[in-house]
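A.B. asks: I am attaching a structure below and will ask some questions about it afterwards.
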Amino acid sequence: MPPVNPALRREVISIYKELLNLGKDYPQGFDYFRPRLHRAFMANAHLTDEDAIRKGIARADFVRKEIEALYYLKRYRTLRKRYDGA
C-alpha cells in the first residue's frame, strides 16, 4: 500500500473539522450528525488512489456547501416569519 500524500491528508482532516464544526448547529442535533459524518469518512478510509481521494474531498465540499445553504435557508425563513408576520 503506497503512502498517502500528506497534503491530501491535511485537506481531508481540514474538511472533516469544518463539517464537524457545521454539525454543531445541525437541526437534528450534533449527536445525530457526528456519528453519520464519522461513518461516511471511515467508509472511505481505505482509499489510497489520489484521484479517488480528491473525488471524496470534492463530495465532502459539496456536502459542506449544502449544509451551509440549509442554514441560510433556515435563517431566511426565520427572519421572514419574524418580520413579515407570515
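A.B. asks: Provide the three semi-axes, in whole Å and in decreasing order, of the ellipsoid equivalent to the range 1-66 as defined by the square roots of 5 times the Cα gyration tensor eigenvalues.
C.D. replies: After scaling each eigenvalue by five and taking roots: 23, 11, 10 Å.
A.B. asks: Expressed as an acute angle from 0 to 90° and rounded to the nearest 10, what is the orientation of the C-alpha long axis of helix 6-23 relative to the principal long axis of the chain?
C.D. replies: The helix 6-23 is inclined about 20 degrees to the chain.
A.B. asks: May I ask for the angle, rounded to the nearest 10°, between helix 30-43 and the longest principal axis of the chain, with both axes built from Cα atoms and the value confined to 0 to 90°?
C.D. replies: 30
A.B. asks: Kindly identify the range 44-86 as rounded, prolate or oblate by the Cα gyration tensor criterion: order the square roots of the eigenvalues as a ≥ b ≥ c, call it rounded if a/c is under 1.5, otherwise compare a/b with b/c, prolate if a/b is larger, else oblate.
C.D. replies: Judged from the Cα gyration tensor, the range 44-86 comes out prolate (a/c at least 1.5, a/b above b/c).
A.B. asks: Within the chain, count lysine pairs with alpha carbon atoms under 21 angstrom apart where the residues are 8 or more positions apart or belong to different chains.
C.D. replies: Values: LYS17/LYS55; LYS17/LYS65; LYS24/LYS65; LYS24/LYS74; LYS55/LYS65; LYS65/LYS74.
Lysine pairs meeting the criterion: 6.
A.B. asks: Still on this structure, I have one more. Per residue, how much accessible surface does the chain expose to a 1.4 Å probe? Answer in Å², no decimals.
C.D. replies: 81
The values are calculated or read from the model by the stated rules, or taken from the named source; none is laboratory data. Note that the coordinates shown come from a computational prediction; the quantities given were computed from them, not determined experimentally. Note: areas computed on protein heavy atoms with side chains; ligands, DNA, RNA excluded. Shrake-Rupley method; radii C 1.70, N 1.55, O 1.52, S 1.80 Å.
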